[in-house]
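As structure tokens, the structure follows; a few thoughts come after it.
The values are calculated or read from the model by the stated rules, or taken from the named source; none is laboratory data. It should be emphasised that the depicted structure is a prediction, and the values quoted were computed from it without experimental measurement. Positions of Cβ are generated from backbone atoms using ideal geometry, with glycine treated the same way; all protein chains shown enter the neighbour counts.
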Amino acid sequence: MAHPKAVRDAVRRDYIAQGIALEILGPMHGVSVASVIRWRRESRESGDDWDKQRAARRLSSGVPKDTTRDLLLEFLEHHKHAMEQLRKTREGTDDQAAMPADDYASLLAKLQDGFNKMIAASKRILPETDRLIVAAGVVEDLAAFLSDKHPSLMVGFLDVLPEFQQIVEKKYG
């Protein structure tokens, strides 16, 4: 099914100006992620490089710390998507065999290495991001503890969590 040019233009605009990840843009605009990726590739081949325009906009739009923070968040979005895809591939589908364990381990190690390098770089550039990551980890550990040891408290915890997250982000982010 061909999508109207207006949809393609909106996807391009949101990718470049808003910095929204391709994996989010597809569902957001009612098209498949594969279509969004294809549109970006076709545009690049015809001289309209979305990634270069996005990078230029980012670099020209503000404080280096903001740019670094945005890049870190984008990396984390991509890392999460890659992990989800890797899990799906590992399990296989009706049409495709499961990924061999050694291939899975190799790809997982590469993803982890990239993640570790990005986090290490962000710690040097954005020390407050490191503090926020630690604080978020503590909150996640508390959620896991309550879920495991005191499940009856989870409802109350989930009720106050959004407000508490704002406090943590304000204090550590």
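What do you reckon, is Gly19 within 15 Å of the chain's Cα centre (by Cα) and either at pLDDT 90 or above or over 20 Å from Ala2 (Cα atoms) (or both)?
Answer is yes for this residue.
Looking at segment 69-91 only, could you name the residues that are at pLDDT 85 or above and of a type in the set (A, V, I, L, M, F, W, C)?
Listed by number, the residues that qualify are Ala82, Met83, Leu86.
Which ones in segment 5-36 are in a loop (DSSP other than H, G, I, E, B) and without any contact (Cβ under 8 Å) to a residue 40 or more places away in the chain?
Once the filter is applied, which keeps residues that are in a loop (DSSP other than H, G, I, E, B) and without any contact (Cβ under 8 Å) to a residue 40 or more places away in the chain, segment 5-36 yields Ile20, Gly30, Val31, Ser32.
Considering only residues that are modelled with pLDDT under 90 and over 14 Å from Gln53 (Cα atoms), look in segment 1-16 and name the one that is surrounded by the fewest Cβ atoms within 10 Å (Cβ to Cβ).
Met1
Taking segment 23-46 as the search range and keeping residues that are of a type in the set (Asp, Glu) and within 26 Å of Glu84 (Cα to Cα), which one is modelled with the highest pLDDT?
Among those that are of a type in the set (Asp, Glu) and within 26 Å of Glu84 (Cα to Cα), it is Glu42.
What residue, of Ser43, Ser32, is among the polar types (S, T, N, Q) and either exposed (fewer than 12 other Cβ atoms within 10 Å of the Cβ) or more than 20 Å from Glu77 (Cβ to Cβ) (or both)?
Checking each option against the conditions leaves just Ser43.
Within segment 47-68, restricting attention to residues that are of a type in the set (Ser, Thr, Tyr) and assigned to a helix (DSSP H, G or I), which residue is modelled with the highest pLDDT?
Here the residue is Thr68.
When you go through (1) surrounded by 12 or more Cβ atoms within 10 Å (Cβ to Cβ); (2) at pLDDT 85 or above; (3) hydrophobic (A, V, I, L, M, F, W, C) one by one for Ile133, which number turns out not to apply?
So Ile133 meets the others, but not (2).
Given (1) assigned to a helix (DSSP H, G or I); (2) closer than 30 Å to Gly26 by Cα, identify the lone condition not met by Thr93.
(1)
Looking at Asp102, Asp94, which is the one that is farther than 27 Å from Glu74 by Cα, surrounded by fewer than 10 Cβ atoms within 10 Å (Cβ to Cβ), modelled with pLDDT under 85 and of a type outside the set (S, T, N, Q)?
Asp94
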